[in-house]
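A short worksheet on the structure shown next.
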Amino acid sequence: MADVKLVNISKDYDQKVRKKKQPTKKAVEDINFVIPSGSFTVIVGPSGCGKSTTLRMIAGLEAVTEGEVWIGDRIVNDVKPGDRNIAMVFQNYALYPTMTVYKNISFGLENIGVPKKEIDARVQQVATLVNLSAYLDRKPHQLSGGQRQRVALARAIVKRPDLYIFDEPLSNLDAKLRAEMRNELINMHKELQTTFIYVTHDQVEAMSMADQIILLNEGNVMQIGSPMELYHRPQNIFVATFMGTPAMNILPVTEVISLVHQTVKPGESIGYRPEKARLSEQPNDDFFWVKSEIVTTELLGSETLYRVKNKFGEQHVKLTEPFISTARDVYVFVKHEDLYFFDENGERLEGVNTHEHHQQYALR
Amino acid sequence: MSTINNMPSANVAPRVRQRKWQQALVPYALIFPAMLVFGLFFIAPLVFMGILSFSKWNLISDDIPWVGFANYQALLQDAVFLEALTNTLMYTAIYVIAIVGISIPLGVWLNKNTLIHRIAQAAIFSPHVISLVSVAMIWMFIMDPTNGVLNVVVSWFGAEGIGWLTNPQIALYSLIIVTVWKGVGYYTIIVIAALAAVPKTLYEAAALDRASAWRTFTRITVPAITPTIYFVIIINIINAIQTFETINIMTQGGPINSTTTLVYYIYEEGFLNFDIGPASAAGMILLGILMILTYFYFRLLGRKVQYEQ
């Protein structure tokens with residue numbers, strides 16, 4: 001069990017090229033974070049944000065350009081992947097195609113000279129854990145996607161590593177299986193009591209599994225915190241719009257708007273989440289309201305998603321009860337404490353909106 | 001079809017029948033040209049050769065008497081034929097082992113995309129683009145017993161000059177060196193191509209599994225490229241059995257038949273001695289050997305080799 005710590009980590013894929021030509025963007029730029037021992041940390045971000053690169057540097061599959069990677073009390077920059085006592089589950093599983101399931105699981109143990117009897121015991125135990133006992137003689141290509149996924153997990157678990165690393169492991173599965181595997185991973189984390197580092201581009205996965213999320217964008221850390229913290233207290237527009245579906249509505253402000261608690265200046269933005277807004281046929285001055293018209297309506301069963309248009313542009317409103325109206329004009333209204341404010345650089349204006357119910361989610 | 005069915009019944013039957021008949025004919029018509037060429041230049045000569053192997057003919061006379069199995073019997077008692085057979089097997093075995101044994105390690109070593117590796121790849125590939133006749137000529141100079149480069153090098157080490165192509169104990173191996181030199185680069189490139197198709201994550205997984213370089217090679221690399229290895233083996237067996245040009249140019253089967261292979265024996269019997277009967281019989285035996293090898297090739301290919309992610 002060990003903390004993982006990244007200190008001023010940068011990754012530059014074109015280091016040699018850059019010396020001659022004009023500078024281009026680094027894949028990962030000067031990032032710092034700590035992954036506490038035993039946590040389920042999800043590194044999330046859009047594609048190309050450097051999350052996989054970061055993960056691969058922790059695993060030792062990618063050289064570190066600058067900075068230090070700490071696992072426990074040692075710097076592992078120059079430690080071979082195999083000597084870091086970590087296990088990794090790859091996006092395409094990376095199962096050895098010519099080996100049986102049994103061999104796939106036992107390969108890592110054979111390499112370090114674990115006695116045959118112990119290997120057998122451990123393989124059987126892990127196979128039972130992931131429901132693969134009946135498939136030990138099969139080759140990977142004879143298995144379904146979900147079963148292959150389990151083999152990949154088994155191969156990781158059997159090594160009893162200090163650290164599990166997952167690189168988008170669920171992205172090749174269908175939606176139903178993905179939801180099941182999410183639950184299994186959460187349970188697995190509880191049982192194993194070991195550090196999990198999990199990379200995904202899917203914020204739903206991040207929200208549902210993590211106890212710490214590290215949100216990256218363009219090689220920089222945007223925010224680190226618990227899922228609820230990122231959801232309720234995003235530090236900037238990027239975080240606000242990345243976490244949650246549909247994304248937070250951002251209303252660019254072009255003229256001075258005076259609200260109950262503060263004044264919003266041109267260039268700043270107001271944000272509200274679709275699920276926090278309501279629709280009405282009348283304006284209501286107890287709330288922040290905007291005169292709008294409904295553009296489209298999507299009936300999703302448990303909820304209804306409206307797309308509305310007003311002087312700020314188009315936004316989403318998500319209601320649990322359908323809003324039925326014949327009026328041409330409707331009013332979107334939001335509680336003042338559910339509003340977010342961002343400055344002209346997209347940074348959230350702290351202190352403006354520090355309503356109690358936001359704070360109570362700060363630490364889970 | 002519904003419109004046809006609605007027509008008066010008297011007209012229906014002949015038309016449908018005609019159309020079906022036409023449909024059945026189309027595929028045959030389409031493959032006819034290819035089959036014609038195949039039949040004319042492959043099947044017919046094969047049958048002809050089969051007949052000739054039971055006959056006596058000198059390529060000119062109108063009289064082709066049937067002699068039954070006499071040609072085959074004569075072959076089995078012909079010391080030169082038996083030597084040709086063992087030479088062919090020796091040649092093939094050593095040649096294939098050398099090609100596979102060199103091209104795989106070389107491919108693994110050169111499977112990197114740096115300048116030096118690209119240059120090395122081009123260098124070992126270059127003999128392949130030279131015609132075999134030129135290669136044979138060049139190596140005759142190199143292997144010349146008195147003025148050849150090889151013997152000059154040998155003399156630096158204080159050893160006596162070697163009769164590369166004149167010593168019956170050595171000549172066959174010299175020919176193998178030449179053909180391996182020409183062929184190995186090509187098969188190295190094929191091995192490199194196969195290696196490039198092995199997913200990189202397998203090696204990363206192996207690194208995390210603490211597999212040694214040797215275990216990574218034997219457990220991951222080799223199994224992953226077995227289809228290519230089998231391909232290289234069988235193609236080279238067939239190539240080796242058919243070797244002719246180098247022998248014809250460099251040794252003409254000598255000295256004292258030490259480099260006479262099956263193909264060269266057939267050539268000698270048929271086109272130097274004009275004994276078409278025994279030559280055809282030897283040809284049938286060669287065909288039989290190749291067919292057996294091909295059968296095993298496809299059986300192995302179907303069963304043992306599989307690579308699927």
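The values are calculated or read from the model by the stated rules, or taken from the named source; none is laboratory data. Every value quoted in this text rests on a predicted model; they were computed, and no experiment measured them. FYI the Cβ positions are ideal-geometry reconstructions off the backbone, even for glycines, and counts take in every protein chain you see. Calculation scope for accessible area: heavy atoms of the full protein, side chains included, ligands and nucleic acids excluded. Shrake-Rupley method; radii C 1.70, N 1.55, O 1.52, S 1.80 Å.
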Open item on the list: Can you tell me which condition A:Gly219 does not meet? The list is (1) at pLDDT 90 or above; (2) touching a Cys at 6+ places or on another chain (Cβ under 8 Å), and all the others hold.
Closed with: (1)
- [ ] Output the residue which, of all residues in the stretch A:123-146 that are within 14 Å of another protein chain (Cβ to nearest Cβ) and in a helix (DSSP H, G or I), is modelled with the lowest pLDDT.
- [x] A:Gly145
TODO: Name the single residue, out of those in the stretch A:64-78 being out of contact with any strand residue (DSSP E or B) (no Cβ under 8 Å at 6 or more places or on another chain) and not basic (Lys, Arg), that is surrounded by the most Cβ atoms within 10 Å (Cβ to Cβ).
DONE: A:Gly72
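Do you know which of the residues in the stretch B:205-221 that are at the interface with chain A (Cβ under 9 Å from one of its Cβ atoms) and out of contact with any Leu (no Cβ under 9 Å at 6 or more places or on another chain) is least open to solvent (accessible area, probe 1.4 Å)?
Let us first name the residues in the stretch B:205-221 that are at the interface with chain A (Cβ under 9 Å from one of its Cβ atoms), namely B:205-212, B:215, B:219-220.
Keeping just the survivors that are out of contact with any Leu (no Cβ under 9 Å at 6 or more places or on another chain) gives B:206, B:210-212, B:215, B:219.
Numbers: B:Ala206: 1, B:Arg210: 117, B:Ala211: 20, B:Ser212: 57, B:Arg215: 50, B:Arg219: 91 Å².
That would be B:Ala206.
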Task: Count - residues of the stretch A:64-96 that are closer than 26 Å to B:Arg219 by Cβ and either in contact (Cβ under 8 Å) with a residue 40 or more places away in the chain or within 10 Å of chain B (Cβ to nearest Cβ) (or both) - done: 17
- [ ] Return yes or no: is B:Ala159 assigned by TED's automatic domain parsing to the domain that holds B:Thr259 and either open to solvent by less than 20 Å² (accessible area, probe 1.4 Å) or free of Cβ contacts under 8 Å to residues at least 24 places away in the same chain (or both)?
- [x] yes
- [ ] With the condition kept exactly as written, say whether any residue in the stretch B:120-127 is of a type in the set (A, V, I, L, M) and crowded, with 18+ Cβ neighbours inside 10 Å.
- [x] yes
Task: Subset tally (residues that are open to solvent by 40 Å² or more (accessible area, probe 1.4 Å), of a type in the set (Asp, Glu) and in a loop (DSSP other than H, G, I, E, B)) for the stretch A:191-241 - done: 2
Open item on the list: Kindly evaluate B:Thr188 against the criterion of being buried (at least 21 other Cβ atoms within 10 Å of the Cβ) and assigned by TED's automatic domain parsing to the domain that holds B:Ile247.
Closed with: yes
Open item on the list: So for the stretch A:276-294 (the condition being open to solvent by 30 Å² or more (accessible area, probe 1.4 Å) and among the small types (Gly, Ala, Ser)), does at least one residue qualify?
Closed with: no
TODO: List every residue pair whose Cβ atoms lie under 7 Å apart, where the two residues are 6 or more positions apart in sequence or sit on different chains, the first residue falls within the stretch A:240-254 and is of a type in the set (Ser, Thr, Tyr), and the second residue, located anywhere, is assigned to a strand (DSSP E or B).
DONE: A:Thr241/A:Ile250
Open item on the list: Can you tell me which of (1) open to solvent by 50 Å² or more (accessible area, probe 1.4 Å); (2) within 24 Å of B:Thr260 (Cβ to Cβ); (3) of a type outside the set (Lys, Arg); (4) part of a helix (DSSP H, G or I) is the one B:Pro27 doesn't meet?
Closed with: (2)
Task: Meets criteria (open to solvent by 70 Å² or more (accessible area, probe 1.4 Å), more than 8 Å from chain B (Cβ to nearest Cβ) and either within 30 Å of A:Met243 (Cα to Cα) or of a type in the set (Phe, Trp, Tyr) (or both)) for A:Gly48 - done: yes
- [ ] Name every residue in the stretch B:234-255 that is crowded, with 18+ Cβ neighbours inside 10 Å and assigned to a helix (DSSP H, G or I), in order of residue number.
- [x] B:Ile234, B:Asn236, B:Ile237, B:Ala240, B:Ile241, B:Thr246, B:Ile247, B:Met250
Open item on the list: For the structure I just gave you, tell me whether A:Met222 is in the same structural domain as A:Arg182 (by the TED database), under 19 Å from A:Glu350 (Cα atoms) and hydrophobic (A, V, I, L, M, F, W, C).
Closed with: yes
TODO: Could you tell me which numbered condition A:Val114 fails, if it satisfies all but one of (1) at positive phi; (2) within 12 Å of chain B (Cβ to nearest Cβ); (3) surrounded by fewer than 19 Cβ atoms within 10 Å (Cβ to Cβ)?
DONE: (1)
